[in-house]
Every structure is written in structure tokens, then in C-alpha cells.
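*Asks:* Before I ask anything, here is the structure I am working with.
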């Protein structure tokens, strides 16, 4: 009898501990149907967290499609006022919502507030969370201070940088997607920086989506190299280098065809400079994945990214990628193995890499074969687990600090 009880006890204690269910208020000023890297990755984060049974209160600006919309269980949107961003009319910035958030979080307090964007809505959320003593984390997703010089307001770079540092240092943790960005921000005086990588949906982005039909629509043969560019067509994306690179590739191999996926204020400039290019417009989902997989070479000349999700999407789709040695490319591309990298201050090497690929079928094939396998370990489930771990550890430290503070007399500081 004793042996039976003992064995039963052993079996029960061998079960894993129940994972803590979190109630998280996630604040963002961009979210689908808006199409940009921040919106798409936040949607993936929300979906992944909900799949792990966490309760998400998504605080974001209201969209037209929200009228009469039914929201699923475990997803509690708090919709705020918003207004268009200058030069980005399809995007919106959230208006401050301190009164609304105070009411929401007093009545139904979240375990944690996570702020994905640093605009007016994000700032008001930070103030309310601090006032209510709710642990707060943030993402550093966009180099707004770097963007300023591309729009004729370079003099704002320093004050924007000061604001961003102040904003993030008021949170308990700032998540960044690469070690390089983490080191840069730490050197600039940012505190409590934590590297949490971004994931890639390899069920969506993979080489099996290559489409002969789409290539025929582009007017190219199977052995004719297609050069692809995906992203917003805007000054901060360094698209003049894309144009220069394409022309030199075309001189080396006249069969090269350029396909551009995206839209933005620089579209007319590129159309005039590259009259033979195919402009596919903005694409999403399986159609976007098919565009990736149906190309051969991916050019990413941007030097203003905090990450660059398109790099992982291109690698997962089996493309030979040419990029600068920073952001996602620096951590996911092994030069000469699954892609080609150029130092950030050597634009001519970026061009040289691309021109060589245009005429070297063997290297192009080798890079493509290695590219897809190189991103398999970065699935979203693993990334969601890293976010969960970060939050649970933070909540544990917060609970200890609150307990320590309460143990001290009211007129004595524990520090």
C-alpha cells in the first residue's frame, strides 16, 4: 500500500507546473489592416500570446473596419482616437488617452503594460501605467531620429533621440530585435535593454510557393533572373542605391528583370528611373509569399531599420539576398553562405555583390539553397516563449520589490 501511494505521488509531481496566465495590455499606434513591419509583427505577437491562453487587451487607434466588428474571446480591444501621419496618409497615430486608460486599468487592472510604439498614445499609456504602479515594458521598433534627416527636419534628430531615451528608460525593460541594436542603445544611455528576436512564419514564406504562372505574368523565362524589392517606397529606404544597383546589374546581364512590391512617395522617382521595372503594388499574405518565392535575388539597401522583417521573409523564400551588415541581415546572413553582406559604409560593395550575382548562376543557386534552411530555427512559437519568460521574470522582480517596500516603515526609504 505504501509503495502504491509513493509511486502515485511521484507520477503527480512529475507533471510540469501550470504556466501562469497573464493579462497584458498591449499598446500600439499601428496594427493591421495597416501594412508595415511593426503592425505585422505585433499582430503575430498578439496571435501567439492568445494561442498560449494569455488575455490580451489591445489598445490602438480605431479603424473604419472596426464598426460593428465582433471580437473574439480573450481579445479585448480598447479603441482610441487617431489622426493621419504627415507623408504617411494610410497610417494613423494614436491620440493621447490618459483618462480612458486610467478608467480601464483601475476597473480591470492588467498584470503588465507593454508599449510597442512611442507616439502620443504610447506616452499617455506610460504615464498612466506608472501612476497606477503597473509594470511596463516597451519595444524599440523604429529609428524615428534617423528618419528625420530624410524628411528635411534633420535638426530634430537630437531632440527625438532624447525623447526616445527618456521614454524607454521610464519602462522596466526595452525589447530590441538584435544584439547590435541592443549594444548601440546601451551606449546611448538606454537602460534594461533585452534582446528578443523576431520570428518568421515558414508555413507562409517558403520556396514551395514559387509560381511559374506568376513568372509568366512578369514575362520572364524560368532561367531568367528576377530581382525583387519589397517594402515601403520612401526616402529613408535608400532606394537611390536600389536604382543604381539595378542598372549596373542590367548592364552585366540584360535578362535581369526588376519587380517591386510596395508603394509610397518615392514610387514615381523609381518608375522614371527604371521604366522596365514591374510594380506589383502592396501585397500581403499568400500573394506576397508567392511574389517572394517566384523571384531569385533580393536587394535590401535600407540603412534605417531596427530589424528588417523582409530579410527573413526573403531568406525563408529561398532568395539570394544582398544587404548591408546590420540589423536582421547581420545576425541571419553568413556572408557567402546564405547571402551577401556589405559594410554599411561601402555602398560600392553592395553594388558589386549584386552585379556578381546577376551573372553567376552557380553562386546564386548555392545561396538560394542555403537561405531557406538558415531561418528554420526562428519560428514564432520560440519567440513568443522568450517574450513570456521576460515578462514573468519582470513580474517576479516587481512583486519582490513591492513586498520589500511594504516591509519598511512609511518614513524610512529602503534604498
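*Asks:* Show me the helices (runs of 4 or more DSSP H) found entirely inside the range 328-415 where at least 1 residues are under 21 Å from residue 174 (Cβ atoms), touching a helix residue (DSSP H, G or I) at 6+ places or on another chain (Cβ under 6 Å) and at pLDDT below 95. Explain how you work it out, then say what you get.
*Replies:* Numbers: elements: 347-359, 361-374, 380-406.
It comes to 380-406.
*Asks:* Taking the conditions exactly as written (farther than 29 Å from residue 397 by Cβ and either in the same structural domain as residue 240 (by TED's automatic domain parsing) or at pLDDT 90 or above (or both)), does residue 130 satisfy them or not?
*Replies:* Working: farther than 29 Å from residue 397 by Cβ: no; either in the same structural domain as residue 240 (by TED's automatic domain parsing) or at pLDDT 90 or above (or both): yes.
Here the answer is no, as residue 130 does not meet what is asked.
*Asks:* Does residue 181 satisfy the criteria of being assigned to a helix (DSSP H, G or I), surrounded by 15 or more Cβ atoms within 10 Å (Cβ to Cβ) and touching a residue at least 40 places away in the same chain (Cβ under 8 Å)? Walk me through how you get there before you give the answer.
*Replies:* On the way: assigned to a helix (DSSP H, G or I): yes; surrounded by 15 or more Cβ atoms within 10 Å (Cβ to Cβ): yes; touching a residue at least 40 places away in the same chain (Cβ under 8 Å): yes.
Judged against the criteria, residue 181 is a match.
*Asks:* Got a sec? Which of 368, 332 is assigned by TED's automatic domain parsing to the domain that holds residue 241 and over 20 Å from the mean Cα position of the chain (by Cα)? Let's see the steps before the verdict.
*Replies:* Working: 332 fails: over 20 Å from the mean Cα position of the chain (by Cα).
Just a single option satisfies the conditions, and that option is 368.
*Asks:* For the range 133-156, name all the residues that are modelled with pLDDT under 90, crowded, with 17+ Cβ neighbours inside 10 Å and assigned to a loop (DSSP other than H, G, I, E, B).
*Replies:* Hits for the range 133-156 are 141, 143.
*Asks:* Taking residue 34, is it surrounded by 17 or more Cβ atoms within 10 Å (Cβ to Cβ) and either touching a strand residue (DSSP E or B) at 6+ places or on another chain (Cβ under 7 Å) or modelled with pLDDT of 65 or more (or both)?
*Replies:* Numbers: surrounded by 17 or more Cβ atoms within 10 Å (Cβ to Cβ): yes; either touching a strand residue (DSSP E or B) at 6+ places or on another chain (Cβ under 7 Å) or modelled with pLDDT of 65 or more (or both): yes.
The answer is yes for residue 34.
*Asks:* Can you go through 119, 68 and tell me which one is at pLDDT below 95 and closer than 21 Å to residue 141 by Cα?
*Replies:* Values: 68 fails: closer than 21 Å to residue 141 by Cα.
Only one candidate qualifies: 119.
*Asks:* Now a separate question. Go through (1) in contact with a helix residue (DSSP H, G or I) (Cβ under 9 Å, 6 or more places away or on another chain); (2) modelled with pLDDT under 95; (3) surrounded by 12 or more Cβ atoms within 10 Å (Cβ to Cβ) for residue 86 and report which single condition fails.
*Replies:* Every condition holds for residue 86 apart from (3).
*Asks:* In addition: Do we find a residue being modelled with pLDDT under 95, more than 30 Å from residue 47 (Cα to Cα) and out of contact with any helix residue (DSSP H, G or I) (no Cβ under 6 Å at 6 or more places or on another chain) anywhere in the range 188-196?
*Replies:* yes
*Asks:* Sort out which residues of the range 292-323 are assigned to a strand (DSSP E or B) and on the phi > 0 side of the Ramachandran plot, and write them in order of number. Working first, answer last.
*Replies:* Taking the range 292-323 as the starting set, the residues that turn out to be assigned to a strand (DSSP E or B) are 297-300, 305, 320-323.
The answer is none; no residue qualifies.
*Asks:* Going by the structure shown, is residue 283 closer than 26 Å to residue 213 by Cβ and surrounded by fewer than 20 Cβ atoms within 10 Å (Cβ to Cβ)? Working first, answer last.
*Replies:* Values: closer than 26 Å to residue 213 by Cβ: yes; surrounded by fewer than 20 Cβ atoms within 10 Å (Cβ to Cβ): yes.
For residue 283, the condition - closer than 26 Å to residue 213 by Cβ and surrounded by fewer than 20 Cβ atoms within 10 Å (Cβ to Cβ) - is met.
*Asks:* Here is a follow-up. If you go through the range 304-312 one residue at a time, do you hit one that is more than 19 Å from residue 210 (Cα to Cα) and either outside the structural domain of residue 223 (by TED's automatic domain parsing) or out of contact with any helix residue (DSSP H, G or I) (no Cβ under 9 Å at 6 or more places or on another chain) (or both)?
*Replies:* To start, the set of residues in the range 304-312 that are more than 19 Å from residue 210 (Cα to Cα) comprises 304-309.
Among the residues that remain, those that are also either outside the structural domain of residue 223 (by TED's automatic domain parsing) or out of contact with any helix residue (DSSP H, G or I) (no Cβ under 9 Å at 6 or more places or on another chain) (or both) are: none.
No.
The values are calculated or read from the model by the stated rules, or taken from the named source; none is laboratory data. Predicted model only: the values in this text are computed from it and were never measured. Heads up, the Cβs are rebuilt from the backbone with ideal geometry, glycines too, and the neighbour counts pull from every protein chain shown.
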